[in-house]
Amino acid sequence: MWKYEKKLQYPVSIKKKNLEFAKQLVTQYGGFAGELAAALRYLNQRYTMPDNRGKALLTDIGSEELSHVEILSTMLYQLMKDATPEEMKKAGLASHYAEHRNALYPLDANGVPFTVTYFATTGDPIADLSEDMAAEQKARAVYESLIDLTDDPDIIGPLLWLRQREIVHFQRFKELYEFYKKNLKEPR
Amino acid sequence: MNNNFRYDDYRYSDMEILNQNQILPQSNEMENQTNHLAEPYQAFVQGNLFNNLYKGYKNYRPARIIPNNEQAELLLNVDQLCFVAHELNLYLDNYPNDQKMIQLFNKYQSMANMATQEYEKKYGPLSITSLSDDKQFSWEAYAWPWEVE
Ligand SMILES: [Fe+2]
């Protein structure tokens, strides 16, 4: 089960409304390299990990990704807060307003809704961990692209931090991958 | 592992638990990691406890987090200690026999718990299980983390 903590893992306080940026940032919520896909990927893959290392690591990183979903959601909420329909229209968010007003919805930067096909589960720990390593690198790359697209320090701070977490997660997945490569009984 | 409780036998008398966790052989631990650990504040703001794993982007430096008031200061203390404990947790998932790191985990987890209690005494519960002996339902008496003041 899970326990909610009424705080963010990393603080967010965005003072400037920025609808254009929200439209790009949303991809790290509901896009192919986003935090929602990450959380579901690891939490779904963990059941068939071959030992307690894998079960622990995928549970703990998967849970951390849920708190990254919350950081992203907070950023999006603050970037869109109090935007008028007129402002939404000007930023190309008329269709978002029509369907969701100022509420959040997991989409990518092109407005494509979240889909579970952003992740896979094969039941093969080597295949699954290879996907996890790739996913962390893709998320890192997208955070870098997003940093390139803004100069608001209130946005850059959390993006740098989230990017760094991908680096740590990649390292942990890689260690586990190498451990399984060496120790699993059926050679792959 | 989970054999410290049981369900009532109801229908399946010969049920067998197949495929018990096969515990794999233990690996050699990594070279001593304790030399590379950042201090809690630095670890937290850079998003990485391990200085040897830290990789910056372009010429950006991690954002400093400067608390504006006592509440923010106490929260930063909770955040940074929880972060260190969490980083050690992820490390120990892969290297469960690293005694030095286990000791550090115990130390930082208990510091994080103390910092959490200190925060909650003044600024409200961070977790529903911290509520006890409440005259009002304080879970919703304080702001939610996505709200800007
Ligand atoms: Fe991640």
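The values are calculated or read from the model by the stated rules, or taken from the named source; none is laboratory data. Keep in mind that what you see is a predicted model, and the values were worked out from it rather than measured. Backbone-built Cβ (ideal geometry, glycine too); neighbour counts: all protein chains shown. Ligands, DNA and RNA are excluded from the accessible area calculation, which covers all protein heavy atoms including side chains. Shrake-Rupley method; radii C 1.70, N 1.55, O 1.52, S 1.80 Å.
Below, the figures for the structure above:
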read-out: Other-chain or far-sequence residues with amide H under 5 Å of A:L107's (modelled H); value: A:G30, A:F114
read-out: Label-point gap, in nm, between A:T115 and B:N69 - each point 7 angstrom along Cα→Cβ; value: 4.7
read-out: Most to least packed among A:86-99, A:8-21 [average Cβ atoms within 10 Å]; value: A:8-21, A:86-99
read-out: Cβ crowding within 10 Å averaged over residues, with A:27-33, A:154-160, B:106-112 ranked highest first; value: A:27-33, A:154-160, B:106-112
read-out: Pairwise label distance in nanometres, A:N52 with B:D134, each label 7 Å out on the Cα-Cβ vector; value: 3.5
read-out: Expected 222 nm ellipticity per residue - DSSP helices of 4 or more, -39500 (n - 2.57), all of chain A, to 500; value: -20500 deg cm²/dmol
read-out: Most positive-pole-ward Cα, A:L19, A:V168, A:L79, against dipole of the range A:19-182 from beta carbon charges; value: A:V168
read-out: The range A:44-188 shape via C-alpha gyration tensor axes, a/c threshold 1.5; value: prolate
read-out: Solvent exposure ordering (accessible area, 1.4 Å, most first) of A:Y77, A:Y4, B:Y95; value: A:Y4, A:Y77, B:Y95
read-out: Per-peptide average of other Cβ atoms within 10 Å, ordering A:143-153, B:125-135 highest first; value: A:143-153, B:125-135
read-out: Shielding of A:40-48 by partner chains, average beta-carbon count, 10 Å; value: 0
read-out: Three-way shape label, the range B:48-149, alpha-carbon gyration tensor, a/c 1.5; value: oblate
read-out: Inter-label distance for B:K100 and A:T122, nm, one decimal - labels placed 7 Å from Cα along Cα-to-Cβ; value: 3.7
read-out: Calculated FRET value between B:R61 and B:V148, using beta carbons and R₀ = 22 Å, to 0.05; value: 0.35
read-out: Pairwise centroid distance, computed over Cα atoms, of the range A:1-43 with the range B:83-149, Å; value: 21
read-out: Integer Hz, Karplus 6.51/-1.76/1.60 couplings in order for the range A:172-186, x for Gly and Pro; value: 5, 5, 5, 4, 5, 4, 5, 4, 5, 3, 7, 9, 5, 6, 7
read-out: Residue pairs, from the table A:K138/A:K182; A:K7/B:K122; A:K138/A:K174; A:K23/A:K89, whose Cα atoms sit over 18 Å apart; value: A:K138/A:K182
read-out: Exercise: per-residue mean of other protein chain Cβ atoms within 10 Å, A:161-173; value: 5
read-out: Accessible surface buried upon B-A contact (total; probe 1.4 Å; Å², nearest 100); value: 4200
read-out: Centroid-to-centroid separation of the range A:100-128 and the range B:37-60 [C-alpha atoms, Å]; value: 29
read-out: Solvent-accessible ranking of B:W139, A:W161, B:W146, A:W2, largest area first, probe 1.4 Å; value: A:W2, B:W146, B:W139, A:W161
read-out: Dipole in debye (nearest 20) - the range B:25-148, about Cα centre, beta carbon charges: Lys, Arg +1; Asp, Glu -1; value: 400
